[in-house]
Amino acid sequence: MAITPPTGPPRSRAGRPGHDADSVLRTAVRVFNERGYEGTSMEDLARALGITKSAIYHHVSGKQELLRQALDRALDALFAVTAEPGAAAGPAIDRLEHVVRGSVTVLVAELPHVTLLLRVRGNTAVERRALARRREFDQIVAGLVREGAAAGEIRADIDPEIAGRLLFGMVNSLIEWYRPGRGLDGAELASVVAAVAFDGLRTEPRPTSQRPQPAAAAPPPDPPPR
């Protein structure tokens, strides 16, 4: 007896939704930050994604490739700031401030990726390459400090290498406490960092009109009734 096939659209099979390359990377970065890169296995990643290990290999060659993509995403964004017009022309102190402000904005926009970048220790070839690029970025910053000092825009009593490390020590510390959506956005946070840093570096203070304005103080409370 012939069986009539059912009509209508085919029924979809139950299961977890699929992942694209971006969602795989995003989840991998989260797990790397939670467990550490070396403490994370492909099985851990598959469990976090809700897919099989073989499904991950459809997107990347392995765990090291995910690490490379994550670190490159953070580093590429930072180097892109140094290529912007504000970092390429004008007084060195202004270009340095542009790079610092832009780096804060990158950190906020790419917080998980930058967090991972700042935690690598050079235990793999991918990590050592990332650290080499970080040193290259640091040299760009130090070069701007040297230019500013030579031009009389930055205090000559501040060592350029130390100044660069202190500047980005402050920027990088944001990963320890900043949480998106809980206060300042990236641009506002960049303004605060720039005010703290550059009012101490400049030989000439900025005009008052260019300084970030403090929030209005709350009025004093009414005296208690007698």
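Taking amide H as placed 1.01 Å from N in the peptide plane, the amide H of ILE154 sits under 5 Å from that of ALA149, THR203, each at least 5 places away or on another chain.
The label point for GLU65 and the one for ARG135, both projected 7 Å from the Cα toward the Cβ, are 2.9 nm apart. The chymotrypsin sites (Phe, Trp or Tyr not before Pro) of region 141-190 that meet both conditions, a loop assignment by DSSP and at most 12 other Cβ atoms within 10 Å of the site Cβ, are TRP177. Only protein atoms count toward the accessible area here, which uses a 1.4 Å probe; on region 22-152, the carbon and sulfur part of that area reaches 50 percent.
Just the number please: accessible area per residue for region 31-187, 1.4 Å probe, all protein chains included, in Å².
Numbers: 7770 Å² over 157 residues.
It amounts to 50 Å² per residue over region 31-187.
For trypsin sites (Lys or Arg not before Pro), the sites in region 27-126 that DSSP calls loop and that have at most 12 other Cβ atoms within 10 Å are ARG121.
Karplus-derived 3J(HN,Hα) values for region 166-183, using 6.51 cos²θ - 1.76 cosθ + 1.60 with θ = phi - 60°, are 5, 4, 7, x, 5, 4, 5, 5, 4, 5, 7, 9, 6, 10, x, x, 10, x Hz; glycine and proline are entered as x.
Near ASP44: Cβ cut-off under 14 Å, other residues only, Lys/Arg at +1 and Asp/Glu at -1. The net charge is +2.
Across region 86-102, coupling constants 3J(HN,Hα) worked out from phi with the 6.51/-1.76/1.60 Karplus curve, θ = phi - 60°, read x, 9, 10, 9, x, x, 4, 5, 6, 5, 4, 5, 4, 5, 5, 4, x Hz, and Gly and Pro carry x. Spin-label model, ASP22/ILE162: points 7 Å from Cα along the beta carbon direction are separated by 4.5 nm.
The values are calculated or read from the model by the stated rules, or taken from the named source; none is laboratory data. Worth saying up front: this structure is predicted, and the values here are computed from it rather than measured. Neighbour counts are summed over all protein chains in view; Cβ atoms, including those assigned to glycine, are modelled from backbone coordinates with ideal geometry. What goes into the accessible areas is simple: the full protein's heavy atoms, side chains included, and nothing from ligands, DNA or RNA. Shrake-Rupley method; radii C 1.70, N 1.55, O 1.52, S 1.80 Å.
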